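Below you'll find the structure, written out as structure tokens, and then a few comments.
The values are calculated or read from the model by the stated rules, or taken from the named source; none is laboratory data. Everything numeric here is computed off the predicted structure, so don't read it as measured data. With ideal geometry, Cβ positions are generated from the backbone for all residues, glycine too; neighbour counts draw on all protein chains shown. All accessible areas refer to the heavy atoms of the entire protein, side chains included, with ligands and DNA or RNA removed. Shrake-Rupley method; radii C 1.70, N 1.55, O 1.52, S 1.80 Å.
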Amino acid sequence: MDGPVLQAGFIASSIQHNKSFIIMSLQTIQTQAFSDQRPGTSGLRKKVQVFQQPHYLENFVQSIFDSLEGFKGQTLVLGGDGRYGNLEAIHTILRMAAANGFGRVLVGRDGLLSTPAASCVIRKYQAFGGIILSASHNPGGPDGDFGIKYNTGNGGPAPERITEAIYTRSQEITEYHITDDAEIALDKIHNFQLEGMTVSVIDPVADYAALMAELFDFDAIRTLFQSGFRMRFDAMHAITGPYAKQILEEQLAAPEGTVINGVPLSDFGGGHPDPNLAYAKGLVAEMFGDDAPDFGAASDGDGDRNMILGSHFFVTPSDSLALLTANAILVPGYSQGLAGVARSMPTSAAVDRVAEKLEIECFETPTGWKFFGNLMDAGRVTLCGEESFGTGSNHVREKDGLWAVLFWLNILASHKKPVAEIVRDHWAFFGRNFYSRHDYEAVDADAAHTLISGLKAQLAELPGRQLGELRVAYADDFGYTDPVDGSVSTGQGIRIGFEGGDRIVFRLSGTGTEGATLRVYLERFESDPARHDQDTQQALSDLITIADELAGIHRHTGREAPSVIT
Ligand code: VG1
Ligand code: CO
């Protein structure tokens, strides 16, 4: 082995900076493949302890670089959500980018960039691609999760053909390239050289904030806040704190204190940075309490998810997508009309009916934002969304939490009505899709796979069968052919559709890091406004029973109830 053996491991390898004069050199480090580096729904996510293994991060980063062509001298964007290990990983990746021949890296100050901001920066500066360090909504800290994903030059998550190439490479890797350790100052905005590569430390918020100001009517939103409108934004001690503070409190003049939990912490304050009714407890209590604010919102670890609440009212992400689509005309950035919309398969069909009314195309894609990229690049869709608290548009190529919040603020500023009234009016016009997702987290992986195999075995005989009051219209394992490049993705979730539009979907999570997570998605369409105020779980109760009977959830997992209901 030439060169000193690094005290590798992403924590150990880069924390001891030589403060004195440094002569840098390139090193090629011998390594061995790790068998578990296949990216999931959104990059490679593992427990911090897994990433702390010597060479683990380096192997994956080199596998990314080895799978790409033509990046020599080009620009890479780099940043993360600030979780435990973020800064150390940034140091390692900068040294590897230099050793592999990138010309320049744009890195967020303190190593921070939200996922949508990274996407924005990649596009704005026409970078070759970007690396984002995040495990999104998964908890952080030394016992939490870490993650890494690669985004291509369009700003979007690498498509499956690239993530598979990265995985294949990770199985053959024998060496990686890195510069010697170096002093790297990321706490101020400046440029410096690293072994012939320029590192530009950039303001993580500025480019993103400028883009938001182009899309939304900031004057109208400012007037709304000046009229006494009250909002609470929960940044969950994750990445959106600095973004929300600057945009909401400084640029839009929302009162100080509008943003809560606004300081990013490496362990998210011990919380679970997933903006839903289960994990954003404090915000939910305030929004359903006495003297509730008019509008509540939260975002996740890396800033790409959003939860929308009104006073005593929760907006499901599927409804939110439908509503943004129906009201896009009110928002300057979208007032020219929408090319089309797309939703992930498990997301409710609420947006489909809006698209029909607007006479625009509506696509159903597999779970994960990477499937929207081609449709947006081809100009076929403008808005996209997922039931998992993700909405976004072609302004970037990632879902975007704060963008969704600003979109809602723009709508609220135009309608001047409470959130609940806007949503009820929408249901009265388009009908309501009752919708819920039941997650069974960290179940035994073998049991979960047996459950899914059992469902697959039943698919052929299900159509036409009567289950309780419902008759099965179709049952399949969802497959998708990308209409732009013809690539095929199979095994994307079991769908059981009933006559009248009710639906149950089963799939296993591709972002969990412990055992398996079973997700059960339940949906019922109701056109009669007199029945729109039912409790959601009540409205779905017979589908919940059918789901358990068909899949044997209790029998296979031993669980009496879901871990999380959203
Ligand atoms: C989950 C969601 C999916 C989302 C993905 C990444 O994936 O269901 O809709 O795109 O997380 O979101 P899975 O495979 O666990 O169901 V994020 O905010 O982690 O980038
Ligand atoms: Co996220």
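General remarks:
- Top positive-direction residue, dipole computed over the chain with Cβ charges, set 383, 266, 349: 383
- Atom-type composition of the exposed protein surface of region 432-565 places 46 percent of the accessible area on carbon and sulfur (1.4 angstrom probe).
- Summarising the amide proton neighbourhood of residue 41: residues at separation of 5 or more, or on other chains, whose placed amide H is nearer than 5 Å comprise 510, 511.
- Annotation for region 465-519 versus region 530-560: alpha-carbon center distance of 16 Å.
- Where both bridge residues fall in region 208-430, DSSP classifies roughly 50% of the beta bridges as antiparallel.
- For region 2-202, carbon and sulfur atoms together expose 50% of the accessible surface, with a 1.4 angstrom probe and every protein chain in place.
- Gained length - residue 421 relative to residue 53, 0.36 nm times residue gap less alpha-carbon distance: 127.2 nm
- Region 267-291 and region 128-161: distance between their alpha carbon centers, rounded to Å: 24
- Student exercise, the chain dipole from Lys, Arg, Asp, Glu Cβ charges, in Debye to nearest 20: 500
- When the Cα positions of 156, 133, 412 are compared along the charge dipole of the chain, 156 comes out farthest toward the positive end, with charges on each C-beta of Lys, Arg, Asp and Glu.
- Compared with the alpha-carbon gap, the fully stretched path from residue 222 to residue 143 is longer by 24.3 nm at 0.36 nm per residue.
- For region 129-237, convex hull of alpha carbons as volume per residue, Å³: 212
- Order by protection proxy (mean Cβ within 10 Å, highest first), peptides 367-373, 430-436, 245-251: 367-373, 430-436, 245-251
- Unit charges on C-beta of K, R, D, E only; dipole of region 208-430, Debye: 220
- Computed magnitude of the charge dipole of region 432-565 (debye, nearest 20; Cβ of K, R +1, Cβ of D, E -1): 120
- In plain terms, the C-alpha convex hull of region 158-316 casts an average shadow of 13.7 nm² when viewed from every direction.
- Solvent exposure ordering (accessible area, 1.4 Å, most first) of 426, 554, 272: 554, 272, 426
- Highest average packing first - 278-286, 475-483, 378-386, Cβ atoms within 10 Å: 378-386, 278-286, 475-483
- Normalised size of the chain, defined as Cα radius of gyration per 2.2 N^0.38 Å with N residues, equals 0.96.
- The chain - share of DSSP beta bridges that are antiparallel (%, nearest 5): 70
- Applying 0.36 nm per residue to the separation of residue 193 and residue 459 and subtracting their alpha-carbon distance, the gain on full extension is 89.9 nm.
- If the Kirkwood radius is taken over C-alpha pairs of region 2-202, then at 20 °C and 1.002 mPa s the Stokes-Einstein diffusion coefficient equals 130 µm²/s.
- Distance distribution note for region 208-430: the fraction of Cα pairs above 23 angstrom is 42%.
- Where the alpha-carbon atoms of region 301-452 are placed on the principal axes, they occupy 51, 40, 30 Å, in descending order.
- Think of the chain as a dipole: +1 on every Lys or Arg Cβ, -1 on every Asp or Glu Cβ, centred on the Cα centre; then among 401, 93, 539, 93 lies furthest on the positive end.
- Formal net charge of residues neighbouring residue 173 (Cβ-Cβ distance under 11 Å; K, R +1; D, E -1): -3
- Burial order of peptide ranges 516-525, 529-538, 163-172 (average beta-carbon count within 10 Å, highest first): 516-525, 163-172, 529-538
- Percent of Cα-Cα distances greater than 17 Å, calculated over region 474-566: 60
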